[in-house]
Amino acid sequence: DTVREGRAEIFADKSNSVFFNKAQVNNRDLSIAVLRWFVLKRQEEHDAQLKGRRADIPPEQHADGLDPATTGSEDTALRKESSLKAPKVLEALAASGLRAIRYALEVDGIGEVIALDNNEVAIESCKRNIYHNGILASSKVVPHLADARIYMLTHPKEFDVVDLDPYGSPAAFLDSAVQCVADGGILMCSATDMAVLAGGNAEVCFSKYGSYPVRGKYRHEMALRILLACMESHAIRHKRYIVPVISVHMDFYIRVFVRIFTSASTVKSSPLKFSHVYQCVGCNSFHLQNVGRINSKDKRNIPLPNFCPTVPQECSECGGKFVMGGPIWSDPIHDRDWATSILSNIRATSGLYEAYAKISAILTSVSEELPNAPLFVSLHSICATLKCTNPTMVMFHSAIRNAGYQISGSHADPLALKTDAPMSVIWDIMRCWVKLHPVKSQPENLPGSRILSQEPQLQGIVLSSNWGFSCTEEPKIST
Ligand SMILES: [Zn+2]
């Protein structure tokens, strides 16, 4: 018996079924889409670098005597002499080998794919599957029995692509993985231990990832940011840093795609990319605080420990206490260019992806996310705190925009409101809403009652000019 996925076919017998997870087709399809774009992007960057170098050389000194600025000629001579090698892939926890085989068969321009596993049965199954998939698979995919950590440590900067897809936490592999990726290469990493990352066992998350999760509606995005923070903290030990290109929560796991570069000076600004999260236990308002701060007197831009705290002892909305989570990665978690390019690529070749509907929906969402607004509030959750009816998403979005801020959704939650507006503005908009849609009187000590006991400041802005009606009129929404 065999199972087909993409262009690969693997045996689905008893010995193999342990290593094959059908539910992960979304994960594998997305990884192939990212990898296809990475191969193109890497070539484009290489060509740009060559052109840049060529542009520095006077035209008369060019081997072909042509000025690229005026002729736009491909510099074949220079290109030949420094041609880019096909990217080498390490599938560090290969199991059945399905993923490695699919990379080899489906990603044009891909080089050798090393399929590692620490389990002899897995490697035997992997070998059979590679052989079964014919000459191309056999010529590209090399199965290898080894402990991934040792293999990655002993092959520093050797692989352009390193893929970590463990059952559970990748934490134990990160230190060696960040060292194994070539400069400008990509590390693709999944984590399925969502209970830990999303705040179920905060102390386990701290021991594995060095960060405290907070149980908010944003917990799946926070999980992504905890994993990214952990990857960065491993990378900077080795004078390297990460640049996330795509980070997603889907199904029951998270998956991040980060590029890795080496630069001692960039590593110094790493504290600016980490933040602690203060979350109110009463109303779930959250506030971020950077670990580092820019010292304006220092021309080298080396950050100092930040002044703190950024929140008062008690929440200024509801009087609740704050818990402190993190540190999390608070820089962007996606590269918008990558997201839109990958999206248009898969739209043009939708037939190649079994999971097309799923991955195109996720990438659409990802490409629309506000890059500089970590975490989000949920419309349901803020209305539950106030015990009021929900305004529509459209109304809330336009109120935020009208108050002068940006807003988007999040791929991690259909009810997410991701915005750069401070919590005080979000609550103020809701106070305006409740003025129009009054709630039953509640005991005074509830967070919602305390929030509503304050008069809204933004009433004029939010109501009259934005929702198309004033306080005395019936609500009517113009589209
Ligand atoms: Zn509060």
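The values are calculated or read from the model by the stated rules, or taken from the named source; none is laboratory data. Worth saying up front: this structure is predicted, and the values here are computed from it rather than measured. Here Cβ is always computed from backbone atoms with ideal geometry, including for glycine, and neighbour counts include all displayed protein chains. The accessibility values were calculated without ligands, DNA or RNA, using every heavy atom of the protein model including side chains. Shrake-Rupley method; radii C 1.70, N 1.55, O 1.52, S 1.80 Å.
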With DNA, RNA and ligands ignored, accessible area of ILE110 (1.4 Å probe; Å², nearest 10): 10 Å²
Globularity ratio of the chain, using Cα Rg and 2.2 N^0.38 Å: 1.11
The chain: antiparallel DSSP beta bridges as a percent of all, rounded to 5: 70 percent
Helical contribution to [θ] at 222 nm, DSSP H n ≥ 4, -39,500 (n - 2.57), averaged over the chain, rounded to 500: -11500 deg cm²/dmol
Per-peptide average of other Cβ atoms within 10 Å, ordering 435-448, 185-198 highest first: 185-198, 435-448
DSSP-assigned coil residues among trypsin sites (Lys or Arg not before Pro) in the range 199-240, each with at most 15 further Cβ atoms within 10 Å: ARG215, ARG237, LYS239
Within straight-line cross-link reach of LYS51, aspartates and glutamates at Cα separation under 13 Å, skipping those fewer than 8 residues along the same chain: ASP67, GLU74, ASP75
Over the chain, relative contact order from alpha-carbon pairs under 8 Å, at least 6 apart, %: 10 percent
Eligible lysines near LYS440 by straight Cα distance, threshold 19 Å, same-chain separation 8 or greater: LYS387
Extended-chain gain in nm, criterion 0.36 nm per residue less alpha-carbon gap, THR349 and SER296: 14.2 nm
